[in-house]
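Enquirer: The structure under discussion is supplied below as structure tokens; questions concerning it will follow.
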Amino acid sequence: MITPDYQGGGITNLMASVAQGLGGRPSGYPPAPLVDPAALAGAANVLLLVIDGLGYDYLQRHGAGGFLQSNCQGRLT
């Protein structure tokens, strides 16, 4: 069983990156290494699309060359 990684590799950390980049208050969780908060600073719009349960391994095996796989930045738990 894969358990959540609250030290930088989880959805909680992704949200911390987005909040920090947009000037939100600290959440207590470190930002995710996949998203540099500074890259979001000054953004007029941010869209976060989360497809929970798709599965990183499944996407790598069956989505090769597809839009989602080619834009995947990495694995989160």
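Enquirer: With n ≥ 4 as the cut-off for DSSP H runs, can you work out [θ] at 222 nm for the chain, using -39500 (n - 2.57) per run divided by the number of residues, rounded to the nearest 500?
Expert: Roughly -8500 deg cm²/dmol at 222 nm, from the helical runs in the chain.
Enquirer: Once phi is turned into θ = phi - 60°, what whole-Hz ³J(HN,Hα) does the Karplus curve with 6.51, -1.76 and 1.60 give for every residue of the range 60-67, x standing for Gly and Pro?
Expert: 5, 6, 10, x, 3, x, x, 4
Enquirer: Further question on the same structure: For the chain, find the longest principal axis of its Cα atoms and tell me its angle to the long axis of helix 11-21, 0 to 90°, nearest 10.
Expert: Tilt of helix 11-21: around 40 degrees.
Enquirer: Another one. Sorted by packing (mean other beta-carbon atoms within 10 Å per residue), highest first, where do 31-37, 50-56 land?
Expert: Per-residue mean Cβ counts within 10 Å order the peptides as 31-37, 50-56.
Enquirer: Starting from the Cα gyration tensor of the chain, take the square roots of the eigenvalues, sort them a ≥ b ≥ c, and report rounded, prolate or oblate (rounded when a/c is under 1.5, otherwise prolate if a/b is larger than b/c, else oblate).
Expert: Cα axes put the chain in the oblate bin.
Enquirer: Remind me, relative contact order of the chain in percent, using alpha carbon pairs under 8 angstrom and six or more residues apart?
Expert: 31
Computed from the coordinates by the stated procedures, all read-outs in this text should not be read as laboratory data. Note that this is a predicted model, so its numbers are computed, not measured. When we count neighbours, we look across all protein chains shown, and the Cβ atoms used for this are built from the backbone with ideal geometry, even at glycine.
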